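K.L.:
The structure under discussion is supplied below as structure tokens; questions concerning it will follow.
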Amino acid sequence: MHVAVIGGTGHVGTYLVPELVALGHEVTVVSRGKRHPYHDHPAWRTVKHVTIDRDADEKRAEFGPKIRALQADVVIDMICFSEDSARHLVDALRGQVQHFLHCGTIWIYGPSVSVPATEDQPRRPFGDYGIQKAAIEAYLLREARQNGFPATCLHPGHIVGPGWPPINPQGNLNLEVFLQLMRGEEVVLPNLGMETLHHVHAADVAQSFIKAMLNWSTAVGESFHVVSPAALTLRGYAEAVAARFGQEAKLRYVGWEEFRKLVDERDAQATYDHIAHSPNASIDKARRLIGYNPRYPSLQAIFESLDWLIEQGKIVISG
Ligand SMILES: NC(=O)c1ccc[n+]([C@@H]2O[C@H](COP(=O)([O-])OP(=O)(O)OC[C@H]3O[C@@H](n4cnc5c(N)ncnc54)[C@H](OP(=O)(O)O)[C@@H]3O)[C@@H](O)[C@H]2O)c1
């Protein structure tokens, strides 16, 4: 089949595109041509690259027609962030595409009621990103169920893998937190450190797209969480990182108001966004309906990323 991947050179595309090629698909990758995949792979030489700036072309209503002109059987949309953007593309692809796969996020949920959250729980998103992604999901599922548009939504957790830093045990992207744990230094955690993060290795996100394609009849008109088998508490995550580097974690717990004064403003904002969501998502439905079977527990995925950061000299433990 001919598969077009919109935004196929990023975290997920790095793993997804070579896998699609290995399965014998003809692959077209759409991007602005600014980014390169994290890992070189011979498969990329067989892939057709089409340079399109989605934002610019959407303003001229040219994006959808350009994607339609590719005449792909399957379109994987990695970079849709508004319902208008989804509508524009669906209107262009209606009647042509056999399967349309949208990359969503577990930020479609606000605070959970019961955990692990299942796909049938109320969405209650907060923050523009989650609200827009939930609106896209609702629109695509409606289009699939009422109008026969063959859409599937896949909702990853915090994507992690070699090539970029993981969300850390404070729930932000400050690499210093990993260093403090690796050196046995004190790390401050908000509240009791019992709020949660739910990572997923990019290779497992790629797997979910492939499995959804292979299971068209149970994937269309459905959404699936794409996360590791289990979420981590901030505290458990911090302890595991310290232990991996031969240290016992020295953790200090402070209330939110104190925490946000102790870390820089950007880190505090990121932490708040993560702990306010405290994702903990079930993969039962994805296992049952599309055979999703993640290879990476959260910590293993995170350690791969940390090893890469150390190899690249982005984290230097001594000194
Ligand atoms: N990161 C996370 O932890 C996380 C968690 C949950 C869900 N998600 C979802 O994952 C999706 C992103 O996937 P990813 O992390 O694999 O992507 P990514 O690493 O951010 O890469 C983005 C890709 O899109 C291309 N791109 C960006 N802007 C573009 C534009 N205006 N026109 C055309 N191409 C453009 C980039 O290449 P160029 O720059 O060369 O154009 C690249 O190929 C999003 O839908 C996001 O909501 C991410």
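Read-outs: derived from the displayed coordinates by stated rules, not from any lab. Note that the structure is a prediction, hence the values are computed from the model and not measured. As a convention, Cβ positions derive from the backbone with ideal geometry for all residues, glycine included, and neighbour counts pool all protein chains shown.
K.L.:
Please compute the contact order of the chain in relative form: average sequence separation of alpha-carbon pairs under 8 Å and at least six residues apart, divided by the residue count, as a percent.
P.N.:
Details: 644 pairs, mean separation 60.1, N = 319.
Relative contact order comes out at 19 percent.
K.L.:
Still on this model: Taking the alpha-carbon distance from residue 34 and a cut-off under 17 Å, which lysines remain once sequence neighbours fewer than 8 residues away in the same chain are dropped?
P.N.:
48
K.L.:
What does the extension gain come out to for residue 314 and residue 113, with contour length at 0.36 nm per residue minus their alpha carbon separation?
P.N.:
Working: separation 201, 0.36 × 201 = 72.36 nm, distance 3.84 nm.
Gain in length upon complete extension: 68.5 nm.
K.L.:
Could you tell me which of 249, 108, 92 has its Cα farthest along the dipole of the chain towards the positive end, charges placed at Cβ (Lys, Arg +1; Asp, Glu -1), taken about the Cα centre?
P.N.:
92
K.L.:
May I ask what percent, to the nearest 5, of DSSP beta bridges between residues of the chain are antiparallel? It would help to have the intermediate numbers written out before the result.
P.N.:
Values: 3 of 38 bridges.
So the antiparallel bridges amount to about 10 percent of the total.
K.L.:
What size of dipole, in debye to the nearest 20, comes out for the chain about its Cα centre when the only charges are +1 on Lys and Arg C-beta atoms and -1 on Asp and Glu C-beta atoms?
P.N.:
Details: 31 positive and 36 negative charges, 106 e Å.
Taking the Cα centre of the chain as origin, the dipole is about 500 debye.
K.L.:
Skipping prolines and chain starts, which residues have an amide H placed within reach, meaning under 5 Å, of the one on residue 29, given they are 5 or more residues away or on another chain?
P.N.:
Answer set, sorted by chain and number: 5, 48, 49, 50.
K.L.:
Report, as a whole number in µm² per second, the diffusion coefficient that Stokes-Einstein gives for region 67-146 at 20 °C and 1.002 mPa s using the Kirkwood radius over alpha carbon pairs. Before the final figure, lay out each step's value.
P.N.:
On the way: Rh = 13.5 Å.
Answer, rounded: 158 µm²/s.
K.L.:
Okay, moving on. Antiparallel versus total DSSP beta bridges in region 95-219: what percent is that, nearest 5?
P.N.:
On the way: 1 of 8 bridges.
Given both bridge residues lie in region 95-219, the antiparallel proportion sits at roughly 10 percent.
K.L.:
Compute the relative contact order of region 1-138 as a whole-number percentage, counting only Cα pairs closer than 8 Å that sit 6 or more residues apart in sequence. Mind dumping the intermediate values first?
P.N.:
Values: 215 pairs, mean separation 30.4, N = 138.
Computed over region 1-138, the figure is 22 percent.
K.L.:
Another question about this same structure. Can you put 49, 155 in order, fewest other beta carbons within 10 Å first?
P.N.:
Values: 49 13, 155 27.
Exposure proxy ranking, most exposed first: 49, 155.
K.L.:
May I ask for the distance between the Cα centers of region 62-96 and region 1-36, given as a whole number of Å?
P.N.:
16 Å
K.L.:
Taking a cut-off of 21 Å between Cα atoms, list the lysines near residue 250, but don't count ones fewer than 8 places away on the same chain.
P.N.:
List returned: 261.
K.L.:
Cross-link partners among lysines for residue 211, C-alpha distance below 21 Å, same-chain residues fewer than 8 apart left out?
P.N.:
Reachable lysines: 285.
K.L.:
Here's another thing I want to ask about it. How many percent of the alpha carbon pairs in the chain exceed a separation of 34 Å?
P.N.:
24 percent
K.L.:
So in region 22-170, what percent of DSSP beta bridges are antiparallel if you round to the nearest 5? Please report the intermediate quantities before stating the final value.
P.N.:
On the way: 1 of 13 bridges.
In region 22-170, DSSP labels about 10 percent of beta bridges as antiparallel.
K.L.:
List, largest first, the extents of the alpha carbons of region 208-319 along their principal axes, each in whole Å.
P.N.:
54, 34, 22
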